[in-house]
Amino acid sequence: MIANWHKEVKILLATQAMVDLKSFLRQQKQAKKIIFPDSKNWFRAFEITPFDKVKVVIIGQDPYHQPGQAHGLSFSVANGVEIPPSLKNIYQELHADLSIPPSSSGDLSHWAEQGVLLLNSVLTVEKNTPGAHVKMGWEVFTDGIISLLNSEKQNLVFLLWGAYAHKKNALINQNKHLVLTSAHPSPLSANKGFFGCRHFSKTNAYLQKHKQTKINW
C-alpha cells in the first residue's frame, strides 16, 4: 500500500538505510523483542491519508511504547484505550481554541481521513523502551517523506510540537507552506507554549485562505 502512495516512496524504501532497518527489525523479532505497533500498522498513516489528500502534517517522535496503545498514527491510540497525557492536553487546547469538547476516544483516525498526516519520525518502538529504534533508519525514510511533501505540494500546514519536531523545520520551505511551532503537549512542557498556541484555528484559517476545506477537528 505504501508503495502506491507516491512513486518516490519506492526509492525511499530501497535506500540502504531501509535495508539495514529491515535487518535490524528482523533481528529484534528473532530475539523475541516485542515491537509496537503491530507490523500491519507500521505504515497506517499513509494508508489512511493518501498523498493527494494531505493538507496538514503533525510530526511526532516515536510510537507509544505501552501495550495496546500504538496503532500507526502519531499521538493517537485505538478506540477504547486510555487517552495518554499528551493527547489529553491536545484535546484541552482544542477545546480552548475552538470550543470542541474533549473526545472520550483517543482515536484520531477521523483527522487522518480528512488529510491530516499523523507522522511519527520513527515508526516502531520496543515495548517499554521509548526511543529504542531512534537512529536505526526510520528517520531517513520519514525525512524523505517530509521533503517529498515539501517539494511536490503547495500550501500545507506543518504542526511542529516540541524541540524534536522543530528540527524538521529545515526540510520545509516556509514560502510555500505554513509552519506552526510550539512546545510539546506533554505535561512536562505544555504550559511552556503549547497551551494557547491556537494551532487548530490557525490551521483552518490558512486552509480556507488557500481555498481548501478546513479540518473538522
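Before moving on, here are some points about what is shown:
- Residue satisfying condition, being modelled with pLDDT of 95 or more and open to solvent by less than 50 Å² (accessible area, probe 1.4 Å), within set 213, 142, 181: 142
- Only one entry of 63, 102 meets the criterion of being in a loop (DSSP other than H, G, I, E, B), touching a residue at least 24 places away in the same chain (Cβ under 8 Å) and not basic (Lys, Arg), and that entry is 63.
- Residue pairs whose Cβ atoms lie under 6 Å apart, sitting 6 or more positions apart in sequence or on different chains, and linking a residue in the stretch 177-198 that is in contact (Cβ under 8 Å) with a residue 24 or more places away in the chain and closer than 15 Å to residue 85 by Cβ to a partner that is among the charged types (D, E, K, R) and crowded, with 18+ Cβ neighbours inside 10 Å, are 195/93.
- The number of residues in the stretch 85-101 being in contact with a Pro (Cβ under 7 Å, 6 or more places away or on another chain) and hydrophobic (A, V, I, L, M, F, W, C) comes to 1.
- Considering the stretch 145-166, and only residues there that are open to solvent by 50 Å² or more (accessible area, probe 1.4 Å) and under 14 Å from the mean Cα position of the chain (by Cα), the residue that is farthest from residue 201 (Cα to Cα) turns out to be 164.
- In summary, residue 2 fulfils each of the numbered conditions (1) of a type in the set (Val, Ile, Thr); (2) farther than 27 Å from residue 201 by Cα; (3) more than 19 Å from the chain's Cα centre (by Cα) with the single exception of condition (3).
Let's see how each residue does on (1) touching a residue at least 12 places away in the same chain (Cβ under 8 Å); (2) open to solvent by 40 Å² or more (accessible area, probe 1.4 Å); (3) over 17 Å from residue 139 (Cα atoms); (4) part of a helix (DSSP H, G or I):
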| position | (1), (2), (3), (4) |
| --- | --- |
| 12 | yes, no, no, yes |
| 17 | yes, no, no, yes |
| 22 | no, yes, no, yes |
| 28 | yes, no, yes, yes |
| 32 | no, yes, yes, no |
| 40 | no, yes, yes, yes |
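- Number of the exception - residue 96 against (1) among the aliphatic types (A, V, I, L, M); (2) part of a loop (DSSP other than H, G, I, E, B); (3) in contact (Cβ under 8 Å) with a residue 60 or more places away in the chain; (4) open to solvent by 20 Å² or more (accessible area, probe 1.4 Å): (2)
- Restricting the stretch 107-130 to residues that are of a type in the set (Ser, Thr, Tyr) and outside any loop (DSSP other than H, G, I, E, B) leaves a set whose member that is farthest from residue 158 (Cα to Cα) is 129.
- Residues satisfying the stated conditions in the stretch 99-134, i.e. closer than 18 Å to residue 23 by Cβ, under 17 Å from the mean Cα position of the chain (by Cα) and open to solvent by 30 Å² or more (accessible area, probe 1.4 Å): 134
The values are calculated or read from the model by the stated rules, or taken from the named source; none is laboratory data. Fair warning: this is a prediction, and the values are worked out from it, not measured in the lab. Note that each Cβ is placed from the backbone with ideal geometry, even for glycine, and that neighbours are counted across all protein chains shown. Ligands, DNA and RNA are stripped out before the accessible areas are found, and what is left, the full protein with its side chains, is counted by its heavy atoms. Shrake-Rupley method; radii C 1.70, N 1.55, O 1.52, S 1.80 Å.
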